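One structure below.
Bear in mind that the values in this text are calculations on the coordinates, not laboratory data. Everything numeric here is computed off the predicted structure, so don't read it as measured data. Cβ placement follows ideal geometry from the backbone for every residue including glycine, while neighbour counts extend to all protein chains displayed.
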Amino acid sequence: QVQLVESGGGLVQAGGSLRLSCAASGSIFRVNAMGWYRQAPGKERELVARITSGGTTNTADSVKGRFTISRDNAKNTVYLQMNSLKSDDTAVYYCNLHDYYSGREYWGQGTQVTVSS
């Protein structure tokens, strides 16, 4: 089993920055992808950014140039640096891990990010 523990959410003014962290533990296959999704009230969950264990990234157009995803494979931890935050970025952010060996998806409990205008 895999556990994902997120941290770093909170309340920030528009234009500010936050850094989210997600640490994975348990039976983790070394080849995987970790990422961040978000869900705003009344909207579907959407991909924010994703990074493979090889370092390939995929970032949503809505956050390109403002958000940066990175990871530390030795710590099984993924980070999301969020700059120039807007009110539209307000959502619950969920960490995700995709295990390429088993094909299973794992989710964190979610962390609230609120951007005040």
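In table form, for the structure just shown:
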read-out: Diffusion constant of the chain at 10 °C, which comes from Stokes-Einstein with the Kirkwood Cα-pair radius and 1.306 mPa s, µm²/s; value: 112
read-out: Label-zone membership for segment 58-99, site Trp107, 7 angstrom Cα→C-beta point, backbone N under 14 Å; value: 92-98
read-out: In Hz, Karplus ³J(HN,Hα) per residue of segment 59-69 (6.51, -1.76, 1.60; θ = phi - 60°; x = Gly, Pro); value: 10, 5, 4, 5, 10, 4, x, 10, 10, 10, 9
read-out: Under 13 Å, Cβ to Cβ, from Ala14 - net charge with Lys/Arg +1 and Asp/Glu -1; value: 0
read-out: Net charge dipole size for the chain [Lys, Arg +1 and Asp, Glu -1 on Cβ; Debye, nearest 20]; value: 180
read-out: GluC sites (Glu not before Pro) restricted to DSSP loop in segment 5-110 with at most 13 other C-beta within 10 Å; value: Glu44
read-out: Hz values of 3J(HN,Hα) by residue in segment 23-36 - Karplus curve (6.51, -1.76, 1.60), Gly and Pro given as x; value: 9, 9, 9, x, 8, 10, 6, 5, 9, 7, 10, 10, x, 10
read-out: Positive dipole terminus of the chain, leading residue within Tyr100, Val115, Ser70 (C-beta point charges); value: Ser70
read-out: Under 17 Å from the Cα of Lys75 - aspartates and glutamates, other chains or at least 8 residues apart; value: Glu6, Asp99
read-out: Inter-site label distance for Asp88 and Lys43 at 7 Å from Cα along Cβ, in nm; value: 0.8
read-out: Dipole in debye (nearest 20) - segment 46-93, about Cα centre, beta carbon charges: Lys, Arg +1; Asp, Glu -1; value: 160
read-out: Extreme residue, positive dipole direction of the chain, given options Tyr79, Ala49, Thr90 (C-beta unit charges); value: Tyr79
